[in-house]
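Data block below; observations after.
The values are calculated or read from the model by the stated rules, or taken from the named source; none is laboratory data. All figures in this text were calculated on a predicted structure; none of them were measured in a lab. Cβ sites come from the backbone with ideal geometry, for glycine too, and all protein chains shown count toward neighbours. Heavy atoms of the whole protein, side chains included, go into the accessibility calculation; ligands, DNA and RNA do not. Shrake-Rupley method; radii C 1.70, N 1.55, O 1.52, S 1.80 Å.
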Amino acid sequence: MAQPPSSRNARTAIRLLVIAGVMFGFGFALVPLYDVFCDITGLNGRVELAQAAPAASMDDSREVTVEFVANRNQSLPWRFEPVQDRVTVHPGATRTVVFVAENLQDVAITGRAVPSVTPGEASRHLHKVECFCFTEQELAPRERKEMPVTFYLDPDLPASVDTVTLAYTFFDANG
Amino acid sequence: MSVDISVQEHHHEGPDPNFFRRWLTTTNHKDLGSLYLMFSLLMFFIGGTMALVIRAELFQPGLQLVRPEFFNQMTTMHALIMVFGAVMPAFVGLSNWLLPIQLGAPDMALPRLNNWGFWILPFAFSLLLMTLFLPGGAPASGWTMYAPLVMQTGAAFPFMIFAIHLMGISSIMGAINVAATILNLRAPGMTLMKMPLFAWAWLITSFLLVAVMPVLAGAVTMLLTDRYFGTSFFNAAGGGDPVLYQHIFWFFGHPEVYIMILPAFGIVSHIIPTFARKRLFGYASMVYALGAIAFLSFIVWAHHMFTVGMPLAGELFFMFATMLIAVPTGVKVFNWLATMWRGSLSFETPMLFALAFVFLFTIGGFSGLMLAVTPADFQYHDSYFVVAHFHYVLVPGAVFSIMAAVYFWLPKWTGHMYDERLGKLHFWLSTIFVNLTFFPMHFAGLAGMPRRIPDYALQFTTWNEMASIGAFGFGLSQLLFLYIIVKCVRGGEKATAQVWDGADGLEWTLPSPAPYHTFTTPPVVR
């Protein structure tokens with residue numbers, strides 16, 4: 001035994017405390033890691049936001065149904081729904097659809113829409129050129145507002161996918 | 001193991017005669033081990049009483065005794081108290097009492113940290129228990145504290161978070177102490193691969209604790225800042241993700257369930273060879289199996305959340321990784337069986353509990369394998385089948401191993417033999433009632449009864465009546481356990497140093513009861 005046990009014990013304790021500290025940080029590091037992982041793999045229905053112009057090629061031979069779902073969090077006193085429940089598109093073609101939101105209260109309210117795409121493997125292939133979900137939306141008292149979404153599906157969409165569901169949930173942006 | 005005890009001399013300085021100064025300021029591992037164990041027993045009765053409230057309400061369909069909100073508080077508090085207050089402190093208490101006398105060390109490596117680690121616990125659980133009297137009541141969102149549901153907790157919310165922080169700090173301090181003791185204070189000649197298996201199990205457990213308790217602390221800190229400081233880690237409206245909470249929680253949660261079972265494996269690996277009067281069949285394979293189980297615990301967490309909408313590749317990975325755990329666990333079970341094979345078995349109370357552990361823990365393991373099958377899990381998820389599964393691994397698993405350990409080492413601690421007749425009675429009552437409580441839950445769950453709900457459909461009535469009768473029987477049987485311990489502490493047949501004729505290890509070279517100071521000069525292990 002080269003050193004007295006007390007200094008060895010202190011060294012072991014400090015090393016283990018460092019591990020504990022690193023793991024505390026790792027718990028927080030899981031937050032960005034999770035986002036990166038979801039972005040790379042397209043898991044969890046995350047949609048890439050701002051995108052360039054549509055791809056040149058359009059696949060006329062294939063039709064894909066895109067369904068729209070509109071939800072609102074119960075704390076948000078709005079009416080929110082798509083004008084059309086579903087459209088049929090050719091991959092590569094750009095399409096614009098409209099959602100309608102109406103503020104049912106006598107005060108101005110700001111909302112934020114969180115998108116989700118199902119199935120998960122389609123989420124990387126649905127590109128939005130314009131979307132009300134890019135920014136917060138403020139509705140004046142009793143205001144009714146039409147909100148467009150312009151999107152296209154890229155032709156790399158897996159052949160097994162014939163229906164894509166695009167869902168939005170509106171939350172009160174002030175929590 | 002051959003031991004040279006001729007060089008031992010025992011200090012004659014006893015404990016502090018002042019009662020309060022002794023127990024509040026003690027740094028003696030035996031005192032602290034006793035404190036941990038008594039605290040754990042107290043929490044076991046408090047958490048058990050809450051379980052009986054749950055079972056009383058579920059005795060019949062409809063709402064009879066408690067409001068649904070209070071029912072949810074009972075399920076949440078029962079789990080938090082049993083996990084963090086009963087099972088974990090019991091194992092820390094056993095490590096305190098046993099590791100120094102098994103390794104030939106004079107005390108734990110960090111005795112003052114040891115005192116601090118214990119005395120945090122009464123404060124942590126006072127914080128948690130006082131929430132029962134706050135407006136809005138105790139936390140009611142389940143011990144998993146899933147966001148966003150947990151955000152509906154009333155005034156209890158910060159109390160729960162800080163209680164968890166304190167429990168985590170206590171566990172980490174205990175774990176650091178155990179690891180430092182095992183790594184630095186073994187008797188000369190005791191290499192790692194000559195250590196008692198309880199020490200191996202606890203060394204690996206301590207690394208699990210140091211690695212995952214801070215992750216839980218991080219998760220609950222994020223809940224705290226989401227609620228009070230405007231962050232949006234788990235708040236979808238702010239760009240966060242509630243599913244992320246489940247990932248972080250179960251990254252802690254799965255290693256946590258092994259924290260509650262690895263020390264049990266160590267205990268059983270001492271008791272079975274003793275009463276089979278044979279060496280453990282395969283020591284090295286037991287050590288490697290412990291390590292493999294600990295490693296796998298870090299890569300299987302998402303099997304708790306198969307239904308959140310993971311991609312196929314994720315479901316498959318977590319399914320196969322989970323099934324892989326059955327391999328090292330099987331190595332352990334077959335090791336215990338092979339140890340008993342052609343042994344000169346005798347069936348004293350510790351052996352009975354150890355045998356019940358092997359048999360009933362394996363039932364819990366098998367239902368775990370069923371739950372690991374992703375497509376089947378979609379039916380079992382959040383049903384009473386899950387409740388049956390984890391109670392089989394935790395009650396006749398972890399808790400039975402603790403009871404086995406208490407009966408096994410109680411003569412060494414107190415110097416008296418416990419009442420063998422009452423011990424056997426306690427064993428049979430516990431074993432019959434524990435099965436009556438939890439076995440019917442498998443059937444109720446497979447038939448579709450959801451967990452955490454105070455009412456149920458009429459067709460589940462019979463299974464629930466059986467479970468409730470079993471639960472009251474099991475709970476009342478534990479009063480007998482308390483009586484046996486008190487009786488043994490106060491007197492009884494004098495125990496010899498060896499206590500059990502098949503016992504092997506340094507602790508059995510000490511007189512019974514073990515003196516206040518032991519191995520002040522380390523023994524030599526050849």
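Within segment B:52-69, does at least one residue satisfy the condition of being charged (D, E, K, R), open to solvent by 80 Å² or more (accessible area, probe 1.4 Å) and outside any loop (DSSP other than H, G, I, E, B)?
Let us first name the residues in segment B:52-69 that are charged (D, E, K, R), namely B:55, B:57, B:67, B:69.
Next, only the ones that are open to solvent by 80 Å² or more (accessible area, probe 1.4 Å) stay: B:67, B:69.
Subset that is outside any loop (DSSP other than H, G, I, E, B): B:69.
Checked segment B:52-69: at least one residue is charged (D, E, K, R), open to solvent by 80 Å² or more (accessible area, probe 1.4 Å) and outside any loop (DSSP other than H, G, I, E, B).
Could you list all residues from segment B:106-150 that are open to solvent by 20 Å² or more (accessible area, probe 1.4 Å), among the hydroxyl-bearing types (Ser, Thr, Tyr) and under 21 Å from the mean Cα position of the chain (by Cα)?
Within segment B:106-150, just B:Ser126 meets the criteria.
Taking the stated definitions as given, is B:Val406 part of a helix (DSSP H, G or I), under 24 Å from B:Phe317 (Cα atoms) and not basic (Lys, Arg)?
Working: part of a helix (DSSP H, G or I): yes; under 24 Å from B:Phe317 (Cα atoms): no; not basic (Lys, Arg): yes.
The answer is no for B:Val406.
For segment B:411-423: of the residues being open to solvent by less than 10 Å² (accessible area, probe 1.4 Å) and assigned to a helix (DSSP H, G or I), which is farthest from B:Gln478 (Cα to Cα)?
B:Lys412
Got a sec? Which of A:Thr12, A:Thr41 is within 10 Å of chain B (Cβ to nearest Cβ), closer than 19 Å to A:Val117 by Cβ and either modelled with pLDDT under 95 or open to solvent by less than 60 Å² (accessible area, probe 1.4 Å) (or both)?
On the way: A:Thr12 fails: closer than 19 Å to A:Val117 by Cβ.
Among A:Thr12, A:Thr41, only A:Thr41 is within 10 Å of chain B (Cβ to nearest Cβ), closer than 19 Å to A:Val117 by Cβ and either modelled with pLDDT under 95 or open to solvent by less than 60 Å² (accessible area, probe 1.4 Å) (or both).
Right, B:Leu80: open to solvent by less than 20 Å² (accessible area, probe 1.4 Å), among the aliphatic types (A, V, I, L, M) and closer than 30 Å to B:Phe198 by Cβ or not?
Numbers: open to solvent by less than 20 Å² (accessible area, probe 1.4 Å): yes; among the aliphatic types (A, V, I, L, M): yes; closer than 30 Å to B:Phe198 by Cβ: yes.
Yes: the conditions hold for B:Leu80.
Say whether the condition of being within 14 Å of chain A (Cβ to nearest Cβ) and more than 30 Å from B:Phe275 (Cβ to Cβ) is met by at least one residue in segment B:317-324.
Taking segment B:317-324 first, the residues within 14 Å of chain A (Cβ to nearest Cβ) are B:317-318.
From what's left, more than 30 Å from B:Phe275 (Cβ to Cβ): B:317-318.
There is at least one residue in segment B:317-324 that is within 14 Å of chain A (Cβ to nearest Cβ) and more than 30 Å from B:Phe275 (Cβ to Cβ).
Filter segment A:116-175 for residues that are away from chain B (no Cβ under 14 Å), open to solvent by 70 Å² or more (accessible area, probe 1.4 Å) and out of contact with any Gly (no Cβ under 9 Å at 6 or more places or on another chain) and give the result. Talk me through it step by step, then tell me what you get.
Here is the first cut: in segment A:116-175, the residues away from chain B (no Cβ under 14 Å) are A:125-132, A:138-157, A:159, A:162-164, A:166.
After this cut, where a residue has to be open to solvent by 70 Å² or more (accessible area, probe 1.4 Å) as well, the list is A:130, A:138, A:142, A:144, A:146, A:156, A:159, A:162.
Those that are away from chain B (no Cβ under 14 Å), open to solvent by 70 Å² or more (accessible area, probe 1.4 Å) and out of contact with any Gly (no Cβ under 9 Å at 6 or more places or on another chain): A:Glu130, A:Arg142, A:Arg144, A:Glu146, A:Asp156, A:Ala159, A:Asp162.
Among B:Gly47, B:Gly14, B:Gly33, which is under 23 Å from B:His517 (Cβ atoms) and either modelled with pLDDT of 95 or more or under 29 Å from the mean Cα position of the chain (by Cα) (or both)? Reasoning before the result, please.
Values: B:Gly47 fails: under 23 Å from B:His517 (Cβ atoms); B:Gly14 fails: either modelled with pLDDT of 95 or more or under 29 Å from the mean Cα position of the chain (by Cα) (or both).
Going through B:Gly47, B:Gly14, B:Gly33 in turn, the sole match is B:Gly33.
Suppose we keep only residues that are more than 19 Å from the chain's Cα centre (by Cα) and among the charged types (D, E, K, R) within segment A:66-111. Which one would you say is farthest from B:Pro148 (Cα to Cα)?
The selected residue is A:Arg95.
Restricting to segment B:209-233, what's the tally of residues that are in a helix (DSSP H, G or I) and away from chain A (no Cβ under 11 Å)?
Matching residues across segment B:209-233 total 3.
Which members of segment B:147-190 meet the condition of being touching a strand residue (DSSP E or B) at 6+ places or on another chain (Cβ under 9 Å) and not charged (D, E, K, R)? Give the steps one after another, and end with the answer.
Our first condition is that a residue be touching a strand residue (DSSP E or B) at 6+ places or on another chain (Cβ under 9 Å); within segment B:147-190, this holds for B:186-190.
Those that are touching a strand residue (DSSP E or B) at 6+ places or on another chain (Cβ under 9 Å) and not charged (D, E, K, R): B:Ala187, B:Pro188, B:Gly189, B:Met190.
Of the numbered conditions (1) within 11 Å of another protein chain (Cβ to nearest Cβ); (2) open to solvent by 10 Å² or more (accessible area, probe 1.4 Å), B:Lys278 satisfies every one except a single condition; which is it?
Against the list (1) within 11 Å of another protein chain (Cβ to nearest Cβ); (2) open to solvent by 10 Å² or more (accessible area, probe 1.4 Å), B:Lys278 comes up short only on (1).
Cβ-Cβ under 6 Å, sequence separation 6+ or interchain: first residue in segment B:484-505 and free of Cβ contacts under 8 Å to residues at least 60 places away in the same chain, partner polar (S, T, N, Q). Which pairs?
Qualifying pairs under 6 Å: B:Ala497/B:Ser512.
Can you go through B:Gly253, B:Gly309, B:Gly314 and tell me which one is open to solvent by 40 Å² or more (accessible area, probe 1.4 Å), within 14 Å of chain A (Cβ to nearest Cβ) and closer than 30 Å to A:Val117 by Cα?
Details: B:Gly253 fails: open to solvent by 40 Å² or more (accessible area, probe 1.4 Å); B:Gly314 fails: open to solvent by 40 Å² or more (accessible area, probe 1.4 Å).
Every option except B:Gly309 fails the conditions.
What are the pairs, 6+ residues apart or on separate chains, where a residue within segment B:311-328 that is under 17 Å from A:Tyr34 (Cα atoms) has its Cβ under 8 Å from a residue that is in a helix (DSSP H, G or I) and among the hydroxyl-bearing types (Ser, Thr, Tyr)?
Short answer, once both residue conditions are applied: B:Pro311/A:Thr41; B:Glu315/B:Thr374; B:Phe318/B:Thr374.
Listed here are the residues, each with its yes/no results for (1) aromatic (Phe, Trp, Tyr); (2) in contact (Cβ under 8 Å) with a residue 12 or more places away in the chain; (3) in a loop (DSSP other than H, G, I, E, B); (4) surrounded by 23 or more Cβ atoms within 10 Å (Cβ to Cβ).
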position: B:Pro263; (1), (2), (3), (4): no, yes, no, yes
position: B:Ser285; (1), (2), (3), (4): no, yes, no, no
position: B:Phe298; (1), (2), (3), (4): yes, yes, no, no
position: B:Gly330; (1), (2), (3), (4): no, no, no, no
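What is the number of the single condition among (1) open to solvent by 50 Å² or more (accessible area, probe 1.4 Å); (2) under 22 Å from the mean Cα position of the chain (by Cα); (3) closer than 20 Å to B:Ala302 by Cα that B:Gln379 does not meet?
Status for B:Gln379: all satisfied but (2).
Test of understanding: among B:Met173, B:Met167, B:Met108, B:Met145, which residue is farther than 27 Å from B:Pro515 by Cα, in contact (Cβ under 8 Å) with a residue 12 or more places away in the chain and either within 11 Å of another protein chain (Cβ to nearest Cβ) or assigned to a helix (DSSP H, G or I) (or both)?
Working: B:Met173 fails: farther than 27 Å from B:Pro515 by Cα; B:Met108 fails: farther than 27 Å from B:Pro515 by Cα; B:Met145 fails: either within 11 Å of another protein chain (Cβ to nearest Cβ) or assigned to a helix (DSSP H, G or I) (or both).
Result of the check over B:Met173, B:Met167, B:Met108, B:Met145: B:Met167.
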